[in-house]
Every structure is written in structure tokens, then in C-alpha cells.
Amino acid sequence: MKRVAFIALLVASLPAVLLLRQRETGEEFAGVTLRFSFWGSDTEIAAIETVCRRFESLHPDVRIRIEPLPWTQYWLKMKTQAAGSGEPPDVIRMTSIHGAEWYSRGLLADLSPFVERDKVDFSGYFPATVDAVTWEGKPRSMPTDVAVRVYMFNKDLFDRAGVPYLDPKKPMDWEQLREVARKLTITKNGQTVQYGLSLGYMEFDAFVYQAGGLAVDRLVDPTRMLVNSPEGIRALRFYSDLIVRDRVSPAVMQQENLGFGAPDFALESGKVAIQHGGTWSIPGLAKEKGLRFGLAPIAMDKDRAQVAFTNSCGISARSRHVAESWEFVKFFASPEAQRLVASRGIGIPVLREVARSDAFLKSPYGVDPMEVFLDEMECARTNVSARTEEFENQMQKIVSEQLCLGSIPPEEAARRMEKDGSRLLSPEPMKPTMVTGVIMPAGFLALAGFLVLRLVFRAGRKARGQTMRPSRGENRAGYLFILPWLVGLTVFALGPVLLALGAGFTEWSVLQEPHYVGVGNYVRILAQDHDFRQSLRVTLLYASGSIPIQLVGGLLCALLLNVRSLRFTGVLRTVLYLPYLLTGVAISIVWRWMYASNGLVNHLLGWAGISGPDWLMSETWALPGIVLMNFTWLGGNMIIFLAALQGVPSSLYDAAHVDGAGLFRRFWHVTLPMISPAVLFNLIMGTIGSFQVFAVPWIVTGGGPNDATLFYVLNLYRRAFQYNDMGYACALAVILFVVIFAVSVLELRGSRRWVHYEGAR
Amino acid sequence: MIRVNVARQTVVYAVLLILCAMVLLPLVWMVTGSFKTPAQISGETISFWPRPAAPENYPDAWRYEPSLRLGMGQYFLNSLLIAIFAVLGQLASSSLVAYGFARVRFHGREAWFLVLLATMMLPSEVTMIPLFILFREIGWTNSFLPLIVPQFFGSAFNIFLLRQFFMTIPREMDEAAMLDGCSRLGVYWRIILPLSTPALIVTGVFTFLWNWQDLLGPLIYLDSVESRTVALGLSYLLTPTQNNPGLIFAAATVALLPVVVLFFIGQRYITKGINLSASSYW
């Protein structure tokens, strides 16, 4: 009894222990410790760290704890933190891409009182950078550095082709660029071995401005997309022609896989003559031995135009150290700090005075002339900053994954961008009417209630059939034993499902108060949500591919292992089963490289004389690639089938043998009917499993290309944590529940025709 | 007749070996790849054996962290902490509940058991968002609590598995003990649990495996750098600038090592445990 009490005490004290553990991580430092989150490569981190250390030496009572993340995860993590209950970092590095999203949600403190108190003068800053940090006339963060992409060209490749170097002062026009790129592109046997140009992540809006058009009605917090104009279409055509028709630039989606380097670092491959790149590209390129490169302004059409991305530092609205954070942010934007990082490869100084000084112009990497960046800054406007990240993603998707892969013409791209863009910029407010706000939700809830009551009633009727007459003590003991599960069921299953039902009727970002919208979310999901339809399609396609593989493969393994007088079955079973348990991040990582265009899978196919596709970059092959991974996960079904096979009485086989039934007939008429319940079990579990797939596409494809592997849970996660659309995500969860329930019931109903229960009749 | 059998067996072995090679391919590729230079993993000519070998991938991976200067060591501690508490919680709660379902006759037992079976069909992804909202309200995000505390309330799968095992223990044993004055908890503690070691090992190993490899939970709940788990840390290794797959494979190998070791320790019981639960679904 003592042992029980001891265990109970241990169990009860766990939460307390855990809470304590987290408190203990605080340091003994007496002053204020600021948490500073930012993204960056190793060089950028080192540069930012020098600013922090310098600040600490000036302010001994403040310490900066840096929390750097890679760019690809930074924003998602910042948003989860902002939405979470923990404390977000005090100082948050911002980019103008996400400016409107963060400012409009009030996630960053208003800096105007400090700016007024300390009389910060913004006239010394590049105007585009000031535009980027201003929200409703007030500064929300302090600009620290700014980025524009210019041309970086490989001088040796120019020499070899006999093409004169690009002029650092005078930009080419579009046709000249096309000509130069054509001269520098080399094809051998129909394969491009050297590209004249690497457009990389060049922003389409810069091309629109160069053509004399407009991308949106206003740059910060736009309400309408305007690319569906003659200028917009002209820009999109020129941009995509370079890739699709002239083939002088690789598509950004494919270039790394084809061996032409990463975007922004393409010159490193030695097979690209001109690339787009920013100051952050320079340290990497300079490290490359034997690479001589120059800088030039980007091409122009009607006008000279550039898009500038401003990086800044904001202060979390929930920070408890706003005053100290301001000192740090102010320091980062000051001439002293600007000089410290001017040449360190993070960006162009935002202060004109510093940018024009030797601190920036005398590059430690010997790159000349750095003035190219400054000339470009003078004709730059700030990038489009929308309230929702989905806008940026959708535009990127249409440009990089549809237009530049040649699947749609520029006119269609312009039409889609204007339509989708405008819808995302000014979403129709969901106003519940009598029907959508009262009648439909009530009907929905009534239906759900009815189904639940029916289930309860049925279960009750079954239970009444029992002949048990438990005593009172017995009854109480029973419920005490199952109490943990009952509590868990209520708190972690029933409660959340009810919460999802309720929250599904609201528009709710968790950052602001929820609005009641009736069935608005459901209407949007079912009537117009492309992502929802696509994710359902992907999931069902995956199920219809993976389940047969697992069923047939698992059954084959089980049948073979069940062959009489076979030895080593223990070892074989273990080997076949183990990979089934390893479906997490580690193995997914391996698949990413196995499916690379010249990875293991394509080499194996090559030996068989098949030239394999670029699996993960192809809209057609990405999902089949993920389905094929199921060939390594046969163990789960196998072990269930093995158990079922061992339950088939051998007398049945003997009888069939006597009747002269061959191997196949015995399998078809004896084995299969006898193990049909196991088939049903594997089928249902496989279906549910398909609706749970997350880690594999998250790691292997990230849902792309062009949403070809957007699984249901991936979409759900994105809606909830990337777009902070919690109400919408709850509605998606409810639909997931309904779909799984419906599919399972269908499978169970259908199974009555083919599942054979021994002794049931 | 004997010759036919030998021929057939040879075919069976051959097919089985091919199947084994197929399912092991990613695992083998990962381990050999962890000793390779990038060009041997993907490129014009790849090689199966690491030639020349690059064993430095391992120390590099253990220390490597694109930006944080926090090694895998911290991640291992975090994952271990979560997984061990999860195992403790699951074993304690699931075995208690399973005992109730297996041995105590209370009113409505069959109905509740049906509910339990039904919840096995409710994947956690359905409740993921509302649970996040819930844990956020009580201030538990950015801590291990959302990942650990629910484990102390049992899981349908574990309860089911243990209940099936408890049912195979002859009832006479607990009846005899109760006649000797043993309480119900005493029976659970002194008779059922010691006799169920294999089933408890299976439950424990599975719980450990799931929690060790879980990505979605840590991704949602763990914000700060110090609290990252191995799975989360691994996923953060994939950055556009990290172009040495050998290093990442080495990290993946290290991350899978505890799982594989544990599997081999428990594998004797695992298949038995699965057989037991599988054969009682219908």
C-alpha cells in the first residue's frame, strides 16, 4: 500500500516539479535581460551580435540574449509565440514584407512617444525605409538595414563569351538584358549547361514598375491588386519568357536541384553568368576561390525601378521592458551601430550618411563599386506589405509555381493574381444573417446532438443486455479505476470537440476578440476555399495509393513469413517491422535527398534504364513520390495479418487440399475470407492514418510544389499558425472529424458484403 | 517432394530478402550516408559505401546548429524528459483504467468500453487546434506541460492493449488473493502488474517511440530555443544554406539511435503484444 501511495504522490507532484524546472533557468544577473529574436545566416548572426555586445558595453545594466532562427522558420515561430501564452521576445526583428500584418494586429509597441521624447530625426534615412516602418502615421519599429537586389556577374564567363562587362552606372534595357543572357547561355545536346541569368527570387513587382504600371493601390496595407493591366501583363510576360521561352534563366523552383546554386548565391555554381543578389550574397561569393565578379544595376524598361526590403527592430507590445528595449532599438538605428554592421553583409545602412561613407563603400571583400546599391536605393520603393501573409504566399505561388513553370500564360497569371490578391487584401466581411447566423448553426448543432444521442442510446441498449448485477462497492471501485480516462476523455477529447464546434462559428485570430460569423467559415470552406479542396483531394489520393500498397505488401510479407518450416522468421519479422515505426522527421530527411533529381532513387531507376523525374519539384511526381514511401512501411499491416493468419485453423487447409484446391484457390477461398476482418481493420486504420499525415510532407516537400502535396493536417496547421485563423481552423477540424467519421462508417457498412466473421452465422 | 520444398523455400527466402532490402533502404542509406561527403549522396556519380569516409560528420552534427550554438545534447535531454514522463504517465494511468475494464464489474462497463474503442478512431489532429486554444488560456504554451500532462489520463490504444493482456491472466489468482484479504489495489499492484511485465514493456516502448518522434506537438507548443526536442531540432537543421546532407544524416542517425536500441530491447515482447491486441479486434 505504501508503494501505491508513493507512486500517487510522485504522479501528483510532477506538474509542480516541471514548473519549478522552468523557473530555474533564469540567470542570476541583477539587471534587465532582453530577449532579441532575429533570423540570419552565420555571418548575419555574427554581425548582429557585435551590435548587441557593443550595446551591452554602453549599458552595463542590460543584457541581450540573442535567439536567432533560420529565415524559413522564423516567422512561423514568431507568430506562434505571439499567439501563445508564453512571453514573446522583447525585441523582434521585422521585415517590411510582414510589416502590415504585425502592425495591424497591434503586436508591436507604438514607438512615437519615444521618438518624440528623444527627437529622432527620420530625414537622414532612405525614404523607402521610413515608409516601411510607419503605420497610421506612427513609427512601429526602427529601420536598421535595407536590401535591394542588383546584378552580380561572373567576369570570367563574360570574358569567355566575349561579352563586354555590364556598366555599373547605366542600366541595360529589357531587350539588351535578354540579348546578353542569350549570349551567355550554353546548351549541349539539348541540355542547358550554363545559364546567362538567374532571376532567383526577383520580385515581379519591380518588373511591373519598370514597365510603368502599378502592382497595388498603395504599398503599405493595400486594398486592391492592379497587375491585370497592359503594363502588368507585359512585365509578367517578359519575366516568364526569360525562363519559359528563351530559357536563359532557370526557374527558381528548380535551379538548386539542377545544380545552378541556391537563389542569391547562383554564381557559386560557376554555371551562371548573372545573378540577382543582395549585400548578404557578397561574403559567400567572395569566399569562392577564383570567382571574379562585378556589380551592375538591374535592367529597366520605361522606367528605372527597384523594390527595397527594410529590416527593422520592433518591440513586442507585451514586453515588460519597453524602455530598455527602446534604448537598444534606438542604438541599432544609430550611426554608430550602422557603421559597425555596414560592411558585414546584413544589408545596406538605412542612414544615407553612413551608406555613403567608406564604412559601407569600402567593402572588406574588395567588391567594387558598392555605389551600385546606393543608386538603386534612390529609385526604390518599399515592397508591398499586406495584412495577411497569405497574400505574399499566393502571389509567389502563382508567379514561381505556375507562371514560371510554364503551366499558365501571363494573361492568366495577371488575372489570377488580381482576383486572388484583391480577395485576400479586402476579404468580404462575414456578416451572419438570420439564415447563416441562427437557423443553420442551430440545425447543424441539432443534427450533431441527434447523432450523439442516437449513439448513446444504442450503446445504452447494448449495455442493458448485460446480465451483470454489480454491487454498490464494485460499481464505485470500477468508476474509480476508470476515472483517469473519464477525466481525460472529458478534458482532452470531448471538451476540445465542443470548443471546436463553438469556435468554428467565429472569426478568431486568438490575438483579438472573436466575432460570431454563424456558418460563415463553413460556407467559405465549402464554396470557395481552394486549399481545402486541394488538401482533401491530396489526402484521398494518398489514401487510395498508400492503402493498397500497405495491404498487398503487408499481406505478402505475412504470407511468406507464415510458410511452414521457415527459419529465421523472428529476425525477418523484426527487420520488416522496424521501418514501420520510423516515420518521423529523421527518415523523411533521408527521403528528401533520395528523391533529389540525381539522388539514390533516380540512380536506381537509371540502372534499370529509366530516366527518373525530379520528384519533389514536379507537380505530377511529388505526391506519387510520397505514396511510394509506403513500400517501406509494410510492417504494421504485416503484423496484423500474421496474427490473423495464425488464427486460421489448419484443418481448413487440409480439407481444401483434399478437395484438390491449388495454392491460389486455397488462398482465395480459405485464407482471404478467414482473414477478412484483419483486412477491414487495416483498411480503416490506414484511412485514418492518411488523415494524420504531417511530418512527412512538412519535411520532404513543405506542401508544394503548387500545393501538390498539401495534406489535410498541413493545411489545418497552416491556417491556424501561419495565418492565425483559429476559428477557420476549428471549422476545418470539425470537417475533418465529420469526414473521418463518414468514411469509417462507409467502410464498415460496405464491409458487411465481404468480411467473414467466423462463427457469426 | 523434398526437393520441391527446398526450391520453394529458396524462392520464399529470396523474396523475403528483397522485401527486407526494400524496407531497409532509407535506413541503410541514412547510416552509410552519414559517413559520406555531399557528392556521394547526390550527384552525377553516387557511391553506396562511403569512399572516402567523412566521420567528422558526427562531431560536426552533434555540435552543429545553424544559428544557436546549442548542441543536440540539450535536445536529447528535452526529448528524454518528455518521453520518460509520458511513459510513466501512460503506464500508471492506462494500467489502472485497463484493470478497471478487465476485472471490476461495474454498471455500464461494456458501454464505456465501446466508447473507448470509438475514441481510437478520433485522431488527435481533430482536437489539436482547440487544445492549443485551451492550453493557451491556462498559460501552458511554451512549456512541456501540454505534451506531458495529457499522458497521465491514459490513451485508448494503451488501455485496450493492457486490458486484453489482463484478461489472459487467470481470474482465480486475484480471487485467491482477495480471499487472503488483499484489496483491489493490492491485487492490481501485487498480482496483475508483476504478471504483465511484457505488456507493460510494449506499452512503454510504444509510448516512448511516439513521443520521441512526435513533431507536431513540439512544433505547436515549444517556442523557446532551449526547449526544443530532437525531432524539432532535426527539422530546424534543414535550412537553404545547409548543403551537407552527410551532416544531417549523421544527426538523423543519432536521433534514431535510442529508438532502434529500445525497439531491439523490447522487440521480443512487441510482436507478442501486437498479436494479442490484433487478434482481439474482431
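Of note:
- Counting only residues that are in a helix (DSSP H, G or I) and not hydrophobic (A, V, I, L, M, F, W, C), region A:150-199 holds 10 of them.
- Residue check, A:Phe114 within 14 Å of chain B (Cβ to nearest Cβ) and either within 24 Å of the chain's Cα centre (by Cα) or open to solvent by 30 Å² or more (accessible area, probe 1.4 Å) (or both): no
- On inspection, A:Gly196 does not qualify as within 22 Å of A:Val252 (Cα to Cα), touching a Gly at 6+ places or on another chain (Cβ under 7 Å) and open to solvent by less than 60 Å² (accessible area, probe 1.4 Å).
- The number of residues in region B:117-127 being open to solvent by less than 50 Å² (accessible area, probe 1.4 Å) and more than 7 Å from chain A (Cβ to nearest Cβ) comes to 1.
- A:Tyr239 passes every criterion in (1) modelled with pLDDT of 90 or more; (2) over 29 Å from A:Ala100 (Cβ atoms) apart from (2).
- Whichever residue in region B:175-204 is closer than 30 Å to A:Gln692 by Cα and either touching a Phe, Trp or Tyr at 6+ places or on another chain (Cβ under 6 Å) or not in a helix (DSSP H, G or I) (or both) and, among such residues, is most open to solvent (accessible area, probe 1.4 Å): B:Ile201
- There is at least one residue in region A:703-712 that is modelled with pLDDT of 90 or more and among the small types (Gly, Ala, Ser).
- Selection from region B:2-33 of residues that are of a type in the set (S, T, N, Q) and modelled with pLDDT of 90 or more: B:Thr32
- Test: residue in region A:420-435 that is assigned to a helix (DSSP H, G or I), surrounded by 14 or more Cβ atoms within 10 Å (Cβ to Cβ) and free of Cβ contacts under 8 Å to residues at least 12 places away in the same chain: yes
- Single match in A:Leu511, A:Leu541, A:Leu526, A:Leu499 (criterion: modelled with pLDDT of 95 or more and either among the charged types (D, E, K, R) or under 27 Å from the mean Cα position of the chain (by Cα) (or both)): A:Leu541
- Odd one out for B:Phe113, checked against (1) within 7 Å of chain A (Cβ to nearest Cβ); (2) over 21 Å from the mean Cα position of the chain (by Cα): (1)
- Checked across region B:162-169, the condition of being open to solvent by 20 Å² or more (accessible area, probe 1.4 Å), among the hydrophobic types (A, V, I, L, M, F, W, C) and either more than 11 Å from chain A (Cβ to nearest Cβ) or outside any helix (DSSP H, G or I) (or both) holds for at least one residue.
- Close contacts from region B:6-23, counting a first residue that is at the interface with chain A (Cβ under 9 Å from one of its Cβ atoms) and a second that is loosely packed, with under 12 Cβ neighbours inside 10 Å, with Cβ to Cβ under 8 Å and a gap of 6+ residues or different chains, come to B:Gln9/A:Ser565.
- Only listed residue being modelled with pLDDT under 90, open to solvent by 40 Å² or more (accessible area, probe 1.4 Å) and more than 9 Å from chain B (Cβ to nearest Cβ), chosen from A:Arg65, A:Arg21, A:Arg53: A:Arg65
- Of the residues making up region A:204-218, none is of a type in the set (A, V, I, L, M, F, W, C), surrounded by fewer than 19 Cβ atoms within 10 Å (Cβ to Cβ) and under 30 Å from A:Trp615 (Cα atoms).
- Subset of region A:200-242 (residues that are in contact (Cβ under 8 Å) with a residue 60 or more places away in the chain, within 14 Å of A:Gly421 (Cβ to Cβ) and in a helix (DSSP H, G or I)): A:Phe204, A:Asp205, A:Gly232, A:Leu236
- Scan of region A:184-203 for residues that are among the β-branched types (Val, Ile, Thr) and either within 26 Å of A:Lys397 (Cα to Cα) or under 24 Å from the mean Cα position of the chain (by Cα) (or both), ordered by number: A:Thr192
- First in region A:652-668 and more than 17 Å from A:Leu560 (Cα to Cα), second anywhere and open to solvent by 100 Å² or more (accessible area, probe 1.4 Å) and in a helix (DSSP H, G or I), Cβ under 8 Å, 6 or more apart: A:Ala656/A:Arg665; A:Ala656/A:His669; A:Ala661/A:His669
- Among (1) facing another protein chain (nearest Cβ under 9 Å); (2) part of a helix (DSSP H, G or I); (3) touching a residue at least 12 places away in the same chain (Cβ under 8 Å); (4) in contact with a helix residue (DSSP H, G or I) (Cβ under 6 Å, 6 or more places away or on another chain) - the single one B:Gln267 does not satisfy: (3)
- Number of residues in region A:578-608 that are in a loop (DSSP other than H, G, I, E, B) and either facing chain B (nearest Cβ under 7 Å) or more than 19 Å from A:Ile626 (Cβ to Cβ) (or both) equals 6.
- Residues that are buried (at least 21 other Cβ atoms within 10 Å of the Cβ), among the small types (Gly, Ala, Ser) and under 18 Å from A:Phe721 (Cβ atoms) were ranked within region B:221-260; the one that is farthest from the chain's Cα centre (by Cα) is B:Ser227.
- Answer from B:Leu81, B:Leu70 - the residue that is at pLDDT 90 or above, open to solvent by 20 Å² or more (accessible area, probe 1.4 Å) and either more than 9 Å from chain A (Cβ to nearest Cβ) or in a helix (DSSP H, G or I) (or both): B:Leu81
- Screening the candidates B:Gly108, B:Gly89, B:Gly100 for the property of being surrounded by 21 or more Cβ atoms within 10 Å (Cβ to Cβ) and within 7 Å of another protein chain (Cβ to nearest Cβ) yields one hit, B:Gly100.
- Hey, A:Thr43 open to solvent by 40 Å² or more (accessible area, probe 1.4 Å), assigned to a helix (DSSP H, G or I), within 14 Å of chain B (Cβ to nearest Cβ) and without any contact (Cβ under 8 Å) to a residue 40 or more places away in the chain or not: no
- Qualifying residue in region B:205-220 (condition: of a type in the set (D, E, K, R), open to solvent by 10 Å² or more (accessible area, probe 1.4 Å) and over 30 Å from A:Glu67 (Cβ atoms)): no
- Only one of B:Ile159, B:Ile138 that is modelled with pLDDT of 90 or more and either more than 7 Å from chain A (Cβ to nearest Cβ) or within 19 Å of the chain's Cα centre (by Cα) (or both): B:Ile159
- You will find that of A:Val563, A:Val517, A:Val575, A:Val552, the residue that is open to solvent by 30 Å² or more (accessible area, probe 1.4 Å) and more than 9 Å from every other protein chain (Cβ to nearest Cβ) is A:Val552 and no other.
- Taken over region A:134-149, the criterion of being part of a strand (DSSP E or B) and crowded, with 24+ Cβ neighbours inside 10 Å is satisfied by A:Ser141, A:Met142, A:Pro143, A:Thr144, A:Asp145, A:Val146.
The values are calculated or read from the model by the stated rules, or taken from the named source; none is laboratory data. Because the structure is a prediction, the values reported are computed rather than measured. Please note: Cβ atoms are built from the backbone with ideal geometry, for glycine as well, and neighbour counts cover all protein chains shown. In case anyone asks, the SASA skips ligands and DNA or RNA and just uses the protein heavy atoms, side chains included. Shrake-Rupley method; radii C 1.70, N 1.55, O 1.52, S 1.80 Å.
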